[in-house]
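Take a look at the structure below.
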Amino acid sequence: MDHSTAPILDALADYHRLGRYGFTPPGHRQGRGADPRVHAVLGDALHADVLASGGLDDRLARGHYLTDAEELMADAVGAEMAFFSTCGSSLSVKAAMMAVAGGGDGLLVGRDSHKSIVAGLIFSGVQPRWITPRWDPDRHMSHPPSVEQVRQAWERHPDAAGALIVSPSPYGTCADIAGIAEECHRRGKPLVVDEAWGAHLPFHDQLPTWAMDAGADVCVVSVHKMGAGFEQGSVFHAQGDLVDFSRLSACADLLMTTSPNVLLYAAIDGWRRQMVEHGNELLSDALKLSDRARSEVARIPGITVMDDELLGVEASHDLDRMQLLMDVSATGATGYEAADWLRAHRHIDVGLSDHRRILATLSIVDDDSTIGVLVEALSAWRAQVKDPQPHHIRLLAPRELELESVMLPRDAFFGPVEAVPLIEAAGRIVAEQVTPYPPGIPVLVPGERINKAVIEYLQTGHGAGMNVPDPADPDLNTLRVVAE
């Protein structure tokens with residue numbers, strides 16, 4: 001296939017070259033009607049906002065711009081099928097769950113899954129059969145599940161329709177996807193991988209193995225995370241005969257907007273061309289830069305760059321070194337405090353912060369100057385940490401995280417509920433997600449029985465700066481539970 005072309009971008013250029021005008025949405029008419037103050041900020045983005053069907057393409061999509069772009073994407077990464085989503089990987093993963101397990105006997109799901117997967121459980125009514133992630137009790141973080149943990153989950157739930165895991169994790173740690181795929185396939189069941197953080201993986205051999213190359217049946221990627229697309233741009237890929245492609249597309253169509261944003265499509269299309277033509281070179285340079293950043297940050301007293309200690313037995317199978325994960329606990333400060341200081345005093349945002357870590361996600365766009373700014377900012381933060389605020393977050397042991405699932409997430413979420421004081425919620429069945437964000441992994445999933453340890457964790461974590469945006473009560477004074 002001719003990867004020098006970008007069908008959607010080329011069609012958009014033709015749209016403007018021909019002077020096409022639509023008596024259709026969007027009402028701003030490619031920026032003509034936008035408030036000048038809006039245009040001053042959004043600029044050419046307004047010019048590229050056109051109607052997808054009956055605008056960029058005709059009413060019957062006879063130009064095949066989208067389908068051609070999706071075929072090029074599938075060819076670029078060696079998948080049989082690619083589907084573009086303008087509603088993020090949150091939509092893509094829900095569609096995959098519904099296609100694989102909708103109306104079935106449940107789905108094996110990693111308990112370290114993102115909140116979008118839990119939302120998929122609520123929407124679909126699928127019964128989760130939880131796979132326990134690997135847990136590092138010393139650093140209080142989880143890694144994707146091992147092959148053995150997936151095997152044990154299959155032995156407990158042999159009738160499940162398939163398995164879904166997240167890899168890489170938000171920390172950059174990765175599962176042994178090939179081994180897990182083998183466990184699924186020997187049972188004739190598909191493996192879905194939420195690889196939202198892995199869009200770049202197919203394009204360089206020094207990165208962790210891409211899910212499709214490792215035998216996954218469906219792989220979901222967020223182009224905006226580790227690629228060069230707009231926010232909300234996502235692609236899911238599929239291969240093999242264990243997932244019905246038509247059903248997968250139909251499930252995506254059920255969830256998809258009927259007014260997709262051409263800007264997002266065009267950015268995905270252009271990024272694919274860029275990666276095919278220049279991806280290996282760009283990522284080689286980025287990986288060298290990552291090595292430099294790791295070396296320089298590691299020299300700052302009290303900041304530990306987490307690398308090889310994340311690998312090995314009961315840890316990660318592999319590690320994406322484009323993610324610069326730093327443990328700041330030796331300074332006495334939390335990751336929340338470090339992230340807030342960097343934003344307030346150096347205008348730098350980090351991708352993730354928790355009770356002891358911050359994460360800098362590196363990109364093909366970073367260079368010596370941006371890394372220098374990061375290192376200088378971290379050094380300045382460290383120099384001003386004299387007397388960190390005392391804090392105590394009640395951290396959870398692995399057994400305290402394994403809550404009893406009492407009801408289907410859908411039934412708990414949509415059934416009769418009541419709000420009770422958080423301090424009185426132990427023993428009740430939670431009816432809403434409770435998700436420290438980022439990284440967006442729920443500590444409470446609707447249908448689980450709440451324990452005292454989780455309550456203490458949420459109270460102390462919230463007090464130390466943890467962001468918990470899901471509950472109806474943002475102050476966490478109350479929690480929605482199943483009515484008795």
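The values are calculated or read from the model by the stated rules, or taken from the named source; none is laboratory data. Just so we're clear, the structure is a prediction, and the values are computed from it rather than from any experiment. Virtual Cβ from ideal backbone geometry, glycine too; neighbours counted across all protein chains shown. To get the accessible areas, we keep the full protein, side chains included, count just its heavy atoms, and leave off ligands, DNA and RNA. Shrake-Rupley method; radii C 1.70, N 1.55, O 1.52, S 1.80 Å.
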Members of segment 276-286 that are open to solvent by less than 10 Å² (accessible area, probe 1.4 Å) and touching a helix residue (DSSP H, G or I) at 6+ places or on another chain (Cβ under 7 Å): Gly279, Leu283
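Got a number for residues in segment 376-399 being surrounded by 13 or more Cβ atoms within 10 Å (Cβ to Cβ) and under 19 Å from Trp341 (Cα atoms)?
Of the residues in segment 376-399, the ones surrounded by 13 or more Cβ atoms within 10 Å (Cβ to Cβ) are 376-382, 385, 388, 391, 393-396, 398.
Narrowing the set further to residues that are under 19 Å from Trp341 (Cα atoms) leaves 376-382, 385, 388, 391.
Counting residues in segment 376-399 that are surrounded by 13 or more Cβ atoms within 10 Å (Cβ to Cβ) and under 19 Å from Trp341 (Cα atoms) gives 10.
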Leu60 passes all but one of the listed conditions (1) of a type in the set (A, V, I, L, M, F, W, C); (2) crowded, with 22+ Cβ neighbours inside 10 Å; (3) not in a helix (DSSP H, G or I); the exception is number (2)
List the helices (runs of 4 or more DSSP H) that sit entirely inside segment 1-56 and contain at least 1 residues that are closer than 27 Å to Gly279 by Cβ and within 30 Å of the chain's Cα centre (by Cα). 7-17, 44-47
Could you check segment 232-265 and list, in sequence order, the residues that are within 17 Å of Ser116 (Cβ to Cβ) and β-branched (Val, Ile, Thr)? Val235, Thr257
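Evaluate the following for Asp340: is it at pLDDT 95 or above, surrounded by fewer than 20 Cβ atoms within 10 Å (Cβ to Cβ) and within 23 Å of the chain's Cα centre (by Cα)? Give the derivation first.
Values: at pLDDT 95 or above: yes; surrounded by fewer than 20 Cβ atoms within 10 Å (Cβ to Cβ): yes; within 23 Å of the chain's Cα centre (by Cα): yes.
For Asp340, the condition - at pLDDT 95 or above, surrounded by fewer than 20 Cβ atoms within 10 Å (Cβ to Cβ) and within 23 Å of the chain's Cα centre (by Cα) - is met.
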Among the listed residues Trp154, Trp135, which satisfies the condition of being of a type in the set (Phe, Trp, Tyr) and either without any contact (Cβ under 8 Å) to a residue 24 or more places away in the chain or closer than 24 Å to Asp307 by Cβ (or both)? Trp135
Report yes if some residue within segment 316-328 is crowded, with 18+ Cβ neighbours inside 10 Å and in a helix (DSSP H, G or I); otherwise report no. no
How about segment 344-372: which of its residues are loosely packed, with under 15 Cβ neighbours inside 10 Å and under 22 Å from the mean Cα position of the chain (by Cα)? Asp349, Val365
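Residues being β-branched (Val, Ile, Thr), open to solvent by less than 30 Å² (accessible area, probe 1.4 Å) and either part of a helix (DSSP H, G or I) or within 15 Å of Asp354 (Cβ to Cβ) (or both): count how many of those fall in segment 449-484. Walk me through how you get there before you give the answer.
Taking segment 449-484 as the starting set, the residues that turn out to be β-branched (Val, Ile, Thr) are 450, 454-455, 460, 468, 478, 481-482.
This time we only want the ones that are open to solvent by less than 30 Å² (accessible area, probe 1.4 Å), so: 450, 454-455, 468, 481-482.
Checking the rest, the ones that are also either part of a helix (DSSP H, G or I) or within 15 Å of Asp354 (Cβ to Cβ) (or both) come to 454-455, 468.
Of the residues in that region, 3 qualify.
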Answer yes or no as to whether Val223 is open to solvent by less than 10 Å² (accessible area, probe 1.4 Å), farther than 22 Å from Glu281 by Cα and either at pLDDT 95 or above or under 19 Å from the mean Cα position of the chain (by Cα) (or both). no
Does segment 44-52 contain at least one residue that is out of contact with any Ser or Thr (no Cβ under 6 Å at 6 or more places or on another chain), closer than 24 Å to His237 by Cα and either in contact (Cβ under 8 Å) with a residue 12 or more places away in the chain or open to solvent by 40 Å² or more (accessible area, probe 1.4 Å) (or both)? yes
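Test Glu400 against the criterion of being on the phi < 0 side of the Ramachandran plot and not in a strand (DSSP E or B), and give yes or no.
Numbers: on the phi < 0 side of the Ramachandran plot: yes; not in a strand (DSSP E or B): yes.
Taking the combined requirement at face value, the residue satisfies it.
Of Gln239, Gln232, which residue is polar (S, T, N, Q) and at pLDDT 95 or above?
It is Gln239.
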Restricting to segment 168-193, name every residue that is of a type in the set (D, E, K, R), touching a residue at least 24 places away in the same chain (Cβ under 8 Å) and either part of a loop (DSSP other than H, G, I, E, B) or open to solvent by less than 10 Å² (accessible area, probe 1.4 Å) (or both). Asp176, Glu183, Arg187, Lys189
